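The block underneath contains the structure these notes are about, expressed in structure tokens.
The values are calculated or read from the model by the stated rules, or taken from the named source; none is laboratory data. Because the structure is a prediction, the values reported are computed rather than measured. Positions of Cβ are backbone-derived with ideal geometry, glycine not excepted, and every protein chain shown enters the neighbour counts. Keep in mind that these areas ignore ligands, DNA and RNA; they rest on the heavy atoms of the full protein, side chains included. Shrake-Rupley method; radii C 1.70, N 1.55, O 1.52, S 1.80 Å.
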Amino acid sequence: MQKILGLAVAATLAMTLGAEAHGPSRLKTEQSVVLDATPDEVWQVIGKFDDMSWHPAVARTEMTPEGAPADVPEESTRILHLNAESGDPTITEKLMSINPDKRQYKYMITDVAVEVLPVTNYSSTLQVNDKNGRAEVVWKGGFYRGFPNNDPPADQNDDAAMAAVNGVYQAGLDALAERFGKAE
């Protein structure tokens, strides 16, 4: 009986230690806003992968290589040059899929410094739905924190990653609400 109890305790300890050593969990977030505009009007503004001028954090969008298509999954890559007081912080993103009929595209970040956005393995979907004739913009993403190992520094932990992505989404949705107005 003591041998069985000892094995059970050892197994429990092994699972506990194994779970602690597992590392970070994938984080997810989703934000949305209903705008006082038609879905097509809003899609005309945000549905172009090569144009993020509607987002206040983006100074300019560059397709790479120069002249690359903006609507070919796995071939369309954009570099977002961010507004900053100094330097040229960038985020490089690849288009994974686009469906104009559903007013949706999916993309992933392929290169970003954790000082710019404290995330890794980030993928996202931007979609415009028809909500009783009004545009509902839904932006959702999945990602890991910027520090992939245990005991991350405060600026690269789960909270920092969630706050940063939620801040990006909120700034974009707020800019759209200012442009089109919120639906009542």
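With every protein chain present, what is the per residue accessible area of the chain (1.4 Å probe, Å²)?
57
Can you list residues from other chains, or at least 5 along the same chain, whose modelled amide H is less than 5 Å from the amide H of ASP71?
When sequence neighbours closer than 5 places are left aside, there are no close amide H contacts.
Given the whole protein assembly as supplied and a 1.4 Å probe, what does the accessible area of LEU27 come to in Å², nearest 10?
30
Between region 86-115 and region 137-184, what's the alpha-carbon centroid distance in Å?
14
Peptides 128-137, 93-102: what's the order by average Cβ count within 10 Å, highest mean first?
Those peptides, ordered most packed to least, come out 128-137, 93-102.
Quick check: net charge around VAL114, other residues with Cβ under 12 Å of its Cβ, Lys/Arg +1 and Asp/Glu -1?
-2
Could you sort the peptides 66-79, 47-60 by per-residue average Cβ neighbour count (10 Å cutoff), highest mean leading?
Descending mean neighbour count gives 47-60, 66-79.
How long are the three semi-axes of the equivalent ellipsoid for region 72-175, computed from the Cα gyration tensor as the root of 5 times each eigenvalue, in whole Å, largest first?
After scaling each eigenvalue by five and taking roots: 26, 16, 14 Å.
Using only alpha carbon pairs under 8 Å that are at least six residues apart, calculate the relative contact order of the chain and give it in whole percent.
Averaging sequence separation for qualifying contacts and normalising by length gives 26 percent for the chain.
Percent relative contact order of region 82-184, based on C-alpha pairs within less than 8 angstrom and at least six residues apart?
18 percent.
Given +1 on the Cβ of Lys and Arg, -1 on the Cβ of Asp and Glu, and no further charges, what dipole in debye does the chain carry about its Cα centre, rounded to the nearest 20?
Using only the charged Cβ atoms, the result is roughly 720 debye.
Rank GLU115, GLU41 by accessible area, highest first, at a 1.4 Å probe radius?
GLU115, GLU41
Leaving out ligands, DNA and RNA, what percent of the accessible area of region 127-184 is carbon and sulfur, probe 1.4 Å?
In region 127-184, the share of accessible area belonging to carbon and sulfur is 43 percent.
Under the rule of -39500 (n - 2.57) per DSSP H run of 4 or more residues, summed and divided by the residues of the chain, what mean residue ellipticity at 222 nm is obtained, to the nearest 500 deg cm²/dmol?
Counting only the DSSP helices, I get -9000 deg cm²/dmol.
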